[in-house]
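The values are calculated or read from the model by the stated rules, or taken from the named source; none is laboratory data. Remember, predicted model here, so these are calculated numbers, not experimental data. All Cβ positions, glycine included, derive from the backbone under ideal geometry; neighbour counts span all protein chains shown.
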């Protein structure tokens, strides 16, 4: 058959191998430069679709073979099933492409006939059963923690939110934005169902940037920052830095990665905003007291699975243990950089209590000079259920289901006495 359509599929299979067998994140994989941009985007979308629905796909495939195929063959079947059942692609093209790709490699060539037979049966037999299968489950180690904290019903709602994916949220530089198809959310962000952001009117002029509605809240929790010295720790890619600069703050944006700081610099240039950029380790950075600090600490990013369906296959409980230790050290050091009366917002895009509520409770015990300033979520356009008992905000991906969802986040506001 023609090679048209084969290369994006092969790139998608290479990405699936990298995630499932090598535990590498999609965002960290090198771009397949041999493909034009539209085919690269298609490859990434195909791989993400398989990962987002992997549990359902594997349950559907299982009855069709007595012995589980080797990983390369299984991935071809997974990709074909996703195209048929989720994308609604035409069966003839999907099956032919899958068989042709299988014949390219010794590892999969012997399974070409089986791939052909199974995908044809899925197309004719399995559609009703597909709709009855539950969403992709989060890993056991993560599910145990989340279920223990919020219960089985909320855990299932979170899994359903992950499967639906995420829309595109925008933060407006000047507060207001007019884009066709964009709806203003109660928190002030703007939401698009889909679209190519870089082609939207106003993008080149720096009128907005992509930032999930939850991620746009921590900067606002600092309150009136105009004219104040504000430190944005772990600043890249710069969404919160731009918010603070647009609010009139004298911002110092710090990140340990020179490469990631390039993105901050580019974003500031596009939006016409200014900040003092520092490449340094947040744990060793020293400077005179800041009026406010925003600490968006490195975390498991488990609140962003609806955007990053590869994450559950890469992250581990051991990695989270290391991250919680790092977060503790960052809180300790950041608090020493605050002036008396200064405010620090700690946040993570995690739905694990050890990276959120428990981290703040422990910090307050270690630092008698810190007190929590309770947050009323409704003051910032959120819902009452976002309020966490210790005074922070706990946002779960299952919230705002009628609006398209929201990333999981935790944030708390502390003041140095």
message = Regarding region 9-20, can at least one residue be identified that is surrounded by 12 or more Cβ atoms within 10 Å (Cβ to Cβ), in contact (Cβ under 8 Å) with a residue 12 or more places away in the chain and in a loop (DSSP other than H, G, I, E, B)?
response = no
ask   = Inside region 257-288, can you point out the residues that are in contact with a strand residue (DSSP E or B) (Cβ under 7 Å, 6 or more places away or on another chain) and under 22 Å from residue 411 (Cβ atoms)?
value = 264, 267, 275, 282, 285
remark   = residue 24 fails exactly one of (1) in a helix (DSSP H, G or I); (2) touching a residue at least 40 places away in the same chain (Cβ under 8 Å); (3) within 19 Å of the chain's Cα centre (by Cα), namely (1)
Region 373-407, subset outside any loop (DSSP other than H, G, I, E, B), out of contact with any strand residue (DSSP E or B) (no Cβ under 6 Å at 6 or more places or on another chain) and without any contact (Cβ under 8 Å) to a residue 60 or more places away in the chain, residue surrounded by the most Cβ atoms within 10 Å (Cβ to Cβ) = 387
inquiry  = Kindly evaluate residue 412 against the criterion of being in a helix (DSSP H, G or I), in contact with a helix residue (DSSP H, G or I) (Cβ under 8 Å, 6 or more places away or on another chain) and in contact (Cβ under 8 Å) with a residue 12 or more places away in the chain.
reply    = no
inquiry  = Go through region 75-89 and report how many residues are touching a helix residue (DSSP H, G or I) at 6+ places or on another chain (Cβ under 9 Å) and free of Cβ contacts under 8 Å to residues at least 24 places away in the same chain.
reply    = 1
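Please indicate, with yes or no, whether at least one residue in region 296-303 is within 19 Å of residue 218 (Cα to Cα), in a strand (DSSP E or B) and touching a strand residue (DSSP E or B) at 6+ places or on another chain (Cβ under 8 Å).
Within region 296-303, the first condition is being within 19 Å of residue 218 (Cα to Cα), and the residues that meet it are 296-303.
Now narrow it down to the ones that are in a strand (DSSP E or B): 296.
Applying the additional criterion that residues be touching a strand residue (DSSP E or B) at 6+ places or on another chain (Cβ under 8 Å) yields 296.
Yes, the conditions are met somewhere in region 296-303.
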task = Just name the residue that is surrounded by the most Cβ atoms within 10 Å (Cβ to Cβ) out of those in region 221-240 that are in contact with a helix residue (DSSP H, G or I) (Cβ under 6 Å, 6 or more places away or on another chain) and within 25 Å of residue 178 (Cβ to Cβ).
result = 240
inquiry  = Of the conditions (1) without any contact (Cβ under 8 Å) to a residue 24 or more places away in the chain; (2) on the phi > 0 side of the Ramachandran plot, residue 183 satisfies every one except a single condition; which number is it?
reply    = (2)
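Could you identify the single residue in 212, 174 that is under 25 Å from residue 262 (Cα atoms) and buried (at least 22 other Cβ atoms within 10 Å of the Cβ)?
212
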ask   = Can you pull out the residues in region 117-144 that are part of a helix (DSSP H, G or I), surrounded by 19 or more Cβ atoms within 10 Å (Cβ to Cβ) and not assigned by TED's automatic domain parsing to the domain that holds residue 90?
value = 142
